[in-house]
Every structure is written in C-alpha cells, then in structure tokens.
Amino acid sequence: MRSKSSRQSEDLLDELQAALSHGTVARRVETLRRVTDLFAGNALDYSDDHVRVFDDVFQCLIGQIETSARTLLAERLAPIAGAPPQTIRTLALDEVIEVAGPVLSKSERLDEATLIEIARTRGQAHLKAISLRHTLSEALTDVLVTRGNEDVVQSTVGNPGARLSEQSLADLVVRAERDDDLANCIGLRPDLPRHHYLRLVAKASLSVRKKLAAAHPELAIEVSRAVEEAAQRVRAVAMTKQTEMARALVTSLHADGRLNELQVKAFAEQGKFDETNAALAALAGVAVETAETMMIESRTEGVMILAKVAGMQWSSVRAIIAMREKLSSGSQTDMLTLRDTYEALRASTAQQVLRFHRMQLQATPAA
C-alpha cells in the first residue's frame with residue numbers, strides 16, 4: 001500500500017506539470033505553497049533521493065513566481081537543516097535581500113564556498129545577513145571585515161560565533177582608533193589577544209582623554225589621572241593565563257641561565273609576543289610592564305632602546321620589529337634606515353633614555 005505522502009507527492013507532481021504548462025501565476029504560487037507544506041511537514045523522513053526530487057520541483061517554480069512568494073519560501077526553508085541544497089543556493093544568490101536574507105543568516109545547508117562567493121560579490125545588506133549566522137569561519141570574517149561597512153563590521157565583531165583571524169584583528173584595532181563604538185565592541189571579545197587588547201586600550205584611553213578634556217578643560221588634570229588609573233586597571237585585568245604562562249617560562253629560563261639573545265629572536269620569529277616581551281625585559285633588566293609599554297608604542301624607538309641596553313645584534317632586533325609589524329598590521333618600515341639608526345645608537349645613550357622613560361611611567365600627575 002502506498003503511503004499518504006507518496007500519494008500526495010504524485011498528485012502534486014501532476015499539478016506541478018499542469019501549473020507550469022498553462023497555469024496562472026496564482027496557480028503556480030499555490031502549487032509552491034503546497035509543495036513547501038509537504039516538504040516541511042516530512043523533512044526529517046525524506047531520503048536524499050526524495051530531497052533531490054523536491055529540489056528539482058522548487059527550482060522549476062522559483063523562476064516563475066514573484067518576489068513575495070520567493071521570500072516566503074526562503075523563510076520557511078531557511079531553518080530546515082535538510083532543505084534542498086540547490087534551492088537554498090538559488091535563494092541565497094537572489095539579488096533581493098528579502099529573499100536571500102533568511103537563508104544567508106540561518107540556513108545550515110549553505111556551503112562555505114557559496115557564502116564566501118556572496119560575501120565577495122553582493123552588497124552590504126547581504127553581508128550584514130551573513131554576519132548574523134550562528135558561526136563564522138576566519139576565511140568568511142576576513143571578507144566581511146575587508147568589504148563590510150561600519151554596520152557589517154560591528155555586527156561581525158559582536159557575533160560570539162565569529163572567529164577572527166590575526167590579520168582581521170590587527171586591521172580592526174587600527175580602525176577602532178577612529179571609532180569608539182568599534183573599539184568597545186572589539187574590547188568585549190574574550191578571544192582578543194593581549195597585545196591587541198593593550199594597543200586598543202592605549203588608543204582608546206587617549207581618545208577618551210581628549211574628549212573629556214575638551215568638554216571640561218578645568219578638569220584636565222583630574223581626567224588625565226583618572227584615565228591613567230583606568231588604563232592600569234585594564235592592564236591588570238587583561239592578564240590572561242597564556243600571558244602568565246609565557247612570563248613564567250621566561251622567568252624559569254632566565255633563572256637557569258638559558259635565556260639569551262637567540263632565544264629572544266626565536267620567540268619573535270614565532271610571533272610569540274608575550275614571550276618576546278618578557279625575555280627582552282629580562283635581558284634589559286627592566287620590569288616586564290615597562291618593556292610592554294615600549295613594545296606596543298607605534299614607533300620603533302622603544303624596541304631599539306631595550307635591545308641596545310640588552311646588548312642585542314641587529315638581526316635579533318629586526319626579528320622583533322618584524323613581529324610587531326605583523327601583529328599590529330602596521331606599514332612596513334625601512335629596515336636599512338632602522339639598522340643604521342640602531343648601529344649608531346650608543347649603549348650609554350640607550351641607558352639614559354630608558355631611565356627617563358621609567359621615570360615618566362612612574363610619575364604621578366600633580367593635583
């Protein structure tokens with residue numbers, strides 16, 4: 001005996017052929033509604049072969065129905081994990097965002113390649129819909145961050161299921177220097193690496209100081225002190241388990257006499273910011289916090305001062321500078337000029353500059 005769903009399928013196929021041959025638009029829409037009802041009501045029971053049949057049916061109808069009917073189809077199929085894949089792809093590629101949106105933001109049937117293709121070629125509304133997905137890969141967020149407008153970028157950064165690559169994070173921190181809302185959004189991400197967090201806080205603190213000082217010039221000193229204290233608290237909170245482990249490792253190496261210039265260079269070449277910073281601080285004989293402040297500065301003078309005090313060769317300094325540029329997504333510097341500057345720098349001068357730098361960090365603004 002044939003099942004009820006089998007009889008319904010055969011009846012609908014006959015109806016579909018009639019609707020496509022000489023039916024009105026209204027009849028095609030009604031046929032689409034009935035096919036959708038049948039699929040949605042039994043989606044979990046259908047085999048791959050059944051799904052392919054429905055895929056063919058939907059594909060025949062999609063091109064001959066109006067936008068409102070396609071939108072309704074997209075809204076109904078988007079939440080179904082086993083939805084017909086080709087139909088889902090067709091809906092996702094629709095230029096009308098009302099049609100594409102539900103599928104782009106919800107459908108589990110969309111493959112990575114299709115999502116990236118759409119992110120690279122469609123407008124901001126389509127990118128915004130993609131940014132709302134439950135999970136986003138690094139490859140996909142790279143495109144969203146690169147092509148997206150302010151709304152898309154903030155939506156992507158604020159999505160806890162979005163994985164952000166090192167390059168995207170570096171770019172975002174730079175962009176956040178001019179966007180307080182974005183800075184706040186990035187700062188709330190639990191997966192933001194410490195070196196990016198510190199650069200973000202340093203820039204945001206300066207922005208806050210300028211804005212408050214402009215609004216209340218008579219309170220400029222109090223504002224400066226408050227911002228500095230807040231930055232110190234943020235620095236302490238930003239300490240992660242990874243940072244603690246990195247510093248503990250360097251402390252152990254230093255205590256055993258195994259910490260040397262080659263080890264610092266190896267840390268830098270591996271992109272290990274926390275280890276490099278702690279090792280450079282140990283060899284230069286300064287507090288790790290002092291070295292960290294000098295390491296995250298936009299200019300390279302701080303790094304060269306520390307390295308000269310530590311007695312390091314240019315090849316090691318170059319590795320540290322290259323690491324900083326890669327992690328911060330900064331513009332490439334003229335290494336030849338920096339090499340000449342470093343070679344000309346005297347150790348005694350570096351010691352004097354370092355002492356002055358430490359005095360500035362330790363100084364408290366007078367009331």
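The values are calculated or read from the model by the stated rules, or taken from the named source; none is laboratory data. No experiment lies behind these values; they were computed from the predicted model shown. Because the Cβ atoms are built from the backbone with ideal geometry, glycine has one as well, and the counts that use them run over all protein chains shown. All accessible areas refer to the heavy atoms of the entire protein, side chains included, with ligands and DNA or RNA removed. Shrake-Rupley method; radii C 1.70, N 1.55, O 1.52, S 1.80 Å.
Of note:
- Within segment 103-124, considering residues that are more than 16 Å from Pro85 (Cβ to Cβ) and part of a helix (DSSP H, G or I), the one farthest from the chain's Cα centre (by Cα): Thr121
- Of residues in segment 184-196 being assigned to a helix (DSSP H, G or I) and surrounded by fewer than 22 Cβ atoms within 10 Å (Cβ to Cβ), the one modelled with the lowest pLDDT: Arg194
- Flag if Leu144 is touching a strand residue (DSSP E or B) at 6+ places or on another chain (Cβ under 8 Å) and either open to solvent by less than 10 Å² (accessible area, probe 1.4 Å) or without any contact (Cβ under 8 Å) to a residue 60 or more places away in the chain (or both): yes
- Output for segment 276-310, where each listed residue is small (Gly, Ala, Ser), farther than 20 Å from Gln242 by Cα and in contact with a Leu (Cβ under 8 Å, 6 or more places away or on another chain): Ala284, Ala307, Ala310
- Each residue in segment 331-356 was checked for being of a type outside the set (Lys, Arg) and open to solvent by 60 Å² or more (accessible area, probe 1.4 Å), and 14 pass.
- Per the listing Ala170, Ala83, the residue uniquely open to solvent by less than 10 Å² (accessible area, probe 1.4 Å), out of contact with any Gly (no Cβ under 6 Å at 6 or more places or on another chain) and outside any helix (DSSP H, G or I) is Ala83.
- Matching option when the condition is open to solvent by 30 Å² or more (accessible area, probe 1.4 Å) and at pLDDT below 90, among Met295, Met359: Met359
- Test: Leu127 is more than 14 Å from the chain's Cα centre (by Cα), under 22 Å from Ala176 (Cα atoms) and open to solvent by less than 10 Å² (accessible area, probe 1.4 Å): yes
- Hits in segment 245-271 - residues which are open to solvent by 40 Å² or more (accessible area, probe 1.4 Å) and either closer than 17 Å to Ser315 by Cα or among the acidic types (Asp, Glu) (or both): Asp256, Asn260, Glu261, Leu262, Gln263, Lys265, Glu269, Gln270
- The set of residues in segment 90-99 being open to solvent by 30 Å² or more (accessible area, probe 1.4 Å) and either aromatic (Phe, Trp, Tyr) or over 14 Å from Gly63 (Cβ atoms) (or both) consists of Ile97, Glu98.
Residue-by-condition table, conditions (1) surrounded by 12 or more Cβ atoms within 10 Å (Cβ to Cβ); (2) outside any loop (DSSP other than H, G, I, E, B); (3) modelled with pLDDT of 60 or more:
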residue	(1), (2), (3)
Asp11	yes, yes, no
Ala19	yes, yes, no
Arg33	yes, yes, yes
Ala40	yes, yes, yes
Leu44	no, yes, yes
